[in-house]
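These notes are about the structure you will find just below.
The values are calculated or read from the model by the stated rules, or taken from the named source; none is laboratory data. If you're wondering where the values come from, they're calculated on a predicted model, not measured in any experiment. In this analysis, Cβ positions are derived from the backbone assuming ideal geometry, glycine residues included, and neighbour counts consider all displayed protein chains. The protein model used for the area step is the full one, side chains on, heavy atoms only, and it has no ligands, DNA or RNA in it. Shrake-Rupley method; radii C 1.70, N 1.55, O 1.52, S 1.80 Å.
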Amino acid sequence: MAGVPEADEAAEGGGGGIRSVLAMGSLVSPSGNEVDFAELDGKIISLYFAANWYPKCEAFTPVLAAAYQQLKARGAGFEVVLVSCDEDRPSFERFHRTMPWPAVPFGDLQCKKRLSERFQVEGIPRLVVLAPDGEVVHPDAADLVHRYGETAFPFSAARVAELEADDQRKYASQTLEKLFSMDGIGKEFVTGRNGQVPISSLVGKTVGLYFSAHQCAPGMKFTEKLAAIYSSLKGKAEDFEIVYVPMDKEEDGYLRSCGDMPWLALPYDGAPSRALARYFDVREIPTLVVLGPDGKTVTRDGRNLVNLYFDMAFPFTDAQIRLLQEAEDEAAKGFPQSLRHRGHRHELCIVSEKSGGGPYICCECEEQGLGWAYQCIACGYEIHLRCGRDRDEEGGSAGTG
């Protein structure tokens, strides 16, 4: 890993300083006390646009707070300022108390409006990084903090290039054993129902790393499907294994999760799971990352592939997915071009990925779909071709034209 640059790397250029950007008298601390602007002088400042009502902000805030505390501990010259998008003062104050940094006062609507317009904030969370002179270092560093934590500081283009080059070197030399021996992971064993299983015994297999947590509603649904596919592949004697990477907040949740899963698991101690989640840039759960027999990443999109193709997705390679897509294209030629479906009042027309189809949730079976579908252009109602065939009321013209 390249060394972490000093803050002055990002401080070059003109500008009127951070005070000219905020243009206000003071900030407010999480406890409600006034914070003087002098405390920001000479520092790299991140404007954090967020709101308590948005789940992605709720999830990102502790990630940012961890990076913030580590940078503060080493005296890196860094500060965060919350620019709240909350709709009422109690919500703002409750949200602000979860953070260690100051905020633009809730009542300063003019300042918040001006900042949102100046930096063209259209979505949250947003993290605009400014140099001490007020110049923009990075227009939105939220992704960098998610992926690299405090090592992304000072968020300059040069630092980002160093981190990405380092990633490429790690991915190119990745093996299963190297992955589990990385800093922050350091595991030689995973846990099975009959005791410890050495990582070395998984070498040469296709391995799924399953990031999930107990009481995660999408995770509970996907776990059931994944367990059926796991059993099917094991029954076919495929060299396939899954390792649960727990995102559980409590050990009791972890133990309950393991009780629902027939595969291996990392022990519950937090650090290895966080390190793997950061390494693979896991933003949501459940996520299924698939590693090939050589230990290199085959796909980070295993969840979608399982939802789309079930056990036929194995071994999840690009070549296998192309074969499945070609088979779908061929099968689609035998379906009617349009039909009536008892679940919808309008006629449905067949579409492909090239003619308006895309990722969707089937309105009939509530499973995921991609590309080929029967679609109502007016309403957005979509179903799998197979669901249309099973529930076709009046038939239609054959062929896809």
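Can you report the number of residues in segment 63-112 which are out of contact with any Pro (no Cβ under 9 Å at 6 or more places or on another chain), closer than 26 Å to residue 281 by Cβ and hydrophobic (A, V, I, L, M, F, W, C)?
8
Select from segment 41-65 the residues that are over 23 Å from residue 120 (Cα atoms) and of a type in the set (A, V, I, L, M, F, W, C) and write down the one among them that is least open to solvent (accessible area, probe 1.4 Å).
Filtering first and then ranking leaves 65.
Just checking, does segment 273-290 include any residue being open to solvent by less than 10 Å² (accessible area, probe 1.4 Å), over 25 Å from residue 64 (Cα atoms) and at pLDDT 90 or above?
Looking through segment 273-290, at least one residue is open to solvent by less than 10 Å² (accessible area, probe 1.4 Å), over 25 Å from residue 64 (Cα atoms) and at pLDDT 90 or above.
Give 353, 330 a once-over and let me know the one that is acidic (Asp, Glu) and exposed (fewer than 14 other Cβ atoms within 10 Å of the Cβ).
330
Let's see how each residue does on (1) part of a helix (DSSP H, G or I); (2) closer than 16 Å to residue 47 by Cα; (3) modelled with pLDDT of 95 or more:
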| residue | (1), (2), (3) |
| --- | --- |
| 80 | no, yes, yes |
| 86 | no, yes, no |
| 93 | yes, no, yes |
| 100 | no, yes, yes |
| 107 | no, no, no |
| 111 | yes, yes, no |
| 114 | yes, yes, no |
| 122 | no, yes, no |
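Can you tell me which residue within segment 362-378, out of those that are in a loop (DSSP other than H, G, I, E, B) and either over 29 Å from the mean Cα position of the chain (by Cα) or of a type outside the set (A, V, I, L, M, F, W, C) (or both), is farthest from residue 322 (Cα to Cα)?
Only one residue fits best here, namely 378.
Residue pairs, Cβ under 8 Å, 6 or more apart or interchain, first in segment 310-339 and farther than 30 Å from residue 294 by Cβ, second in a loop (DSSP other than H, G, I, E, B) and acidic (Asp, Glu). List them.
Pairs that qualify, where the first residue is farther than 30 Å from residue 294 by Cβ and the partner is in a loop (DSSP other than H, G, I, E, B) and acidic (Asp, Glu), are 339/393; 339/394.
Take the residues in segment 184-217 that are of a type in the set (Ser, Thr, Tyr) and in contact with a strand residue (DSSP E or B) (Cβ under 8 Å, 6 or more places away or on another chain); name whichever of them is surrounded by the fewest Cβ atoms within 10 Å (Cβ to Cβ).
That would be 191.
Can you pull out every residue in segment 194-228 that is closer than 26 Å to residue 253 by Cα and either among the charged types (D, E, K, R) or in contact with a Phe, Trp or Tyr (Cβ under 6 Å, 6 or more places away or on another chain) (or both)?
Within segment 194-228, 196, 198, 199, 210, 221, 224, 225 meet the criteria.
Which one is farthest from residue 280 (Cα to Cα), of the residues in segment 126-145 that are open to solvent by 50 Å² or more (accessible area, probe 1.4 Å) and under 22 Å from the mean Cα position of the chain (by Cα)?
Only one residue tops the list, namely 139.
Does residue 308 meet the test of being aliphatic (A, V, I, L, M), over 21 Å from the mean Cα position of the chain (by Cα) and open to solvent by less than 40 Å² (accessible area, probe 1.4 Å)?
When the stated conditions are applied, residue 308 does not pass them.
Is it the case that some residue within segment 319-326 is open to solvent by less than 40 Å² (accessible area, probe 1.4 Å) and under 22 Å from the mean Cα position of the chain (by Cα)?
No.
Kindly indicate which of 316, 335 is surrounded by 15 or more Cβ atoms within 10 Å (Cβ to Cβ) and on the phi > 0 side of the Ramachandran plot.
316 is the lone residue from the list that is surrounded by 15 or more Cβ atoms within 10 Å (Cβ to Cβ) and on the phi > 0 side of the Ramachandran plot.
Restricting to segment 106-125, name every residue that is within 22 Å of residue 34 (Cα to Cα) and open to solvent by 40 Å² or more (accessible area, probe 1.4 Å).
107, 108, 109, 110, 113, 114
Go through segment 166-180 and give me each residue that's open to solvent by 40 Å² or more (accessible area, probe 1.4 Å), in a loop (DSSP other than H, G, I, E, B) and closer than 17 Å to residue 277 by Cβ.
Within segment 166-180, none qualify.
Among the residues of segment 291-301 satisfying the criterion of being touching a residue at least 60 places away in the same chain (Cβ under 8 Å) and under 18 Å from residue 168 (Cβ atoms), which is most open to solvent (accessible area, probe 1.4 Å)?
Across segment 291-301, the extreme among qualifying residues is 294.
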